[in-house]
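Encoded as structure tokens, the structure appears first; notes follow it.
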Amino acid sequence: MQKILVARPIFPDVIERLKQHFDVDWNNGDALPADELARRLADKDGALTAGDPIGAATLAAAPRLRVVSNMAVGYNNFDMAAFNAANVLGTNTPDVLNETTADFGWALMMAAARRIAESGQWLRAGRWEKWSFDSFLGADVHGSTLGVIGMGRIGQALARRARGFNMQVVYHNRSRVAPAIEAELNAQYLSKEDLLRRADHVVLVLPYTAENHHTIGAAELALMKPTATLTNIARGGIVDDAALAAALRERRIAAAGLDVFEGEPKVHPDLLTVPNVVLTPHIASASDATRRAMANLAADNLIAGLGVGPRAGRPPNPINPDVIGKARS
Ligand code: DGY
């Protein structure tokens, strides 16, 4: 029987599914440090990860490893050049989380715009003594301009919701989306700079890559309206968190909603002390149904990738399909 490592806690019924096909080593505890991860992978044929970094050294220490299935759509934790060099297949879990993540982007954006977290904390602190006409005045979402940076499947799901709020949609993406999609979303393509100048609510939905590091830094924040909000449901590192904390503190932008952070689970200490930011612990895809769908899709990818089950050899979501069928190197 092939051996696999499940590197993170996951739904027990998914572990039972995997046990029907594999000898399963399950880390049902904290994320494994790199040396422990490499030690546990040394005799494994496959692995199921959730954000665990897998690079050339880890692959070299695991000569039997052929498939690593990430329970996430983002796979910036994989060094894909190393995967390709070693003929190791990487897989991810796209699509099943699009709508749930888009819902959450809206929740964060609206909470930031209407100061929901900030006013709730004030209330809990016992500071509410009277109704006042100017308590926590925020920015309207309806009728405003939504700026989406990253118009992939989640960005499109996010933009689609704007219609019900009678919003204009502007977007920036590596390349323009098809005219039919622009027409359906009533979305106008802009340069990043023009989008930042024009949007009332900017939402980041782009993948993390070296080129996207600090896509939003001090210079970009300086282009935004002082009444604007910024929401990041993409990846830590896309925003310069220190620059954002300074912009929020100085009210150079109105508010932010952040689900992802540079160096998470650590959060930049300045973000913890500014009131006008809504902070959540990387839970944009965390509805019960969607996390179950992601876990089962990650299992499907691993089972098929390792050549067993009804889709043997045809995993649903290969990132580097060219390595399928090639001997491990
Ligand atoms: C994803 O799927 O990439 C989410 O951010 C969960 O990690």
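The values are calculated or read from the model by the stated rules, or taken from the named source; none is laboratory data. Quantities reported herein were computed from a predicted structural model and do not represent experimental measurements. Don't worry about glycine lacking a Cβ; one is built from the backbone with ideal geometry, like all the others, and counts go over all protein chains shown. Only protein heavy atoms, including side chains, enter the accessible area calculation; ligands, DNA and RNA are left aside. Shrake-Rupley method; radii C 1.70, N 1.55, O 1.52, S 1.80 Å.
Per residue, the chain exposes 46 Å² of solvent-accessible protein surface, assessed with a 1.4 angstrom probe and all protein chains in place.
Taking the 1.4 Å solvent-accessible surface of the chain as the whole, the part contributed by carbon and sulfur is 54%. When the scattering of the chain is computed by the Debye formula from its Cα atoms alone, each counted once and equally, what is log10 I(q)/I(0) at q = 0.07, 0.12, 0.14 Å⁻¹? Each listed q corresponds, in turn, to -0.32, -0.87, -1.08. Counting Lys and Arg as +1 and Asp and Glu as -1 over every other residue whose Cβ lies under 11 Å from the Cβ of Ile181, the net charge comes to +1. Inter-part distance, the stretch 284-329 to the stretch 50-81, computed on C-alpha centroids, equals 13 Å. Take each peptide in 245-257, 202-214, count the other Cβ atoms within 10 Å of every residue, and average; sorted highest first, the result is 245-257, 202-214. Using C-alpha pairs under 8 Å with a sequence gap of at least 6, the mean separation divided by the residue count of the chain gives a relative contact order of 19 percent. Applying 1/(1 + (r/R0)^6) with R0 = 35 Å to the Cβ-Cβ distance of Leu137 and Ala286 gives a FRET efficiency near 0.70. The listed peptides 303-312, 231-240, 107-116, 12-21, ordered by packing as a protection proxy, come out as 231-240, 107-116, 303-312, 12-21 (highest mean of other Cβ atoms within 10 Å first).
For Ala183 and Arg153, a Förster radius of 25 Å and the Cβ-Cβ distance give a FRET efficiency of 0.90, rounded to the nearest 0.05. The order of the peptides 285-298, 86-99 by mean Cβ neighbours within 10 Å, most packed first, is 86-99, 285-298.
For the stretch 98-279, dividing the convex hull volume of the Cα atoms by the residue count gives 116 Å³ per residue.
A dipole drawn for the chain from +1 and -1 charges on Cβ atoms has a positive end, and of Leu221, Ala38, Met151 the residue lying farthest that way is Met151. Cα centroids of the stretch 9-32 and the stretch 96-129: 34 Å apart.
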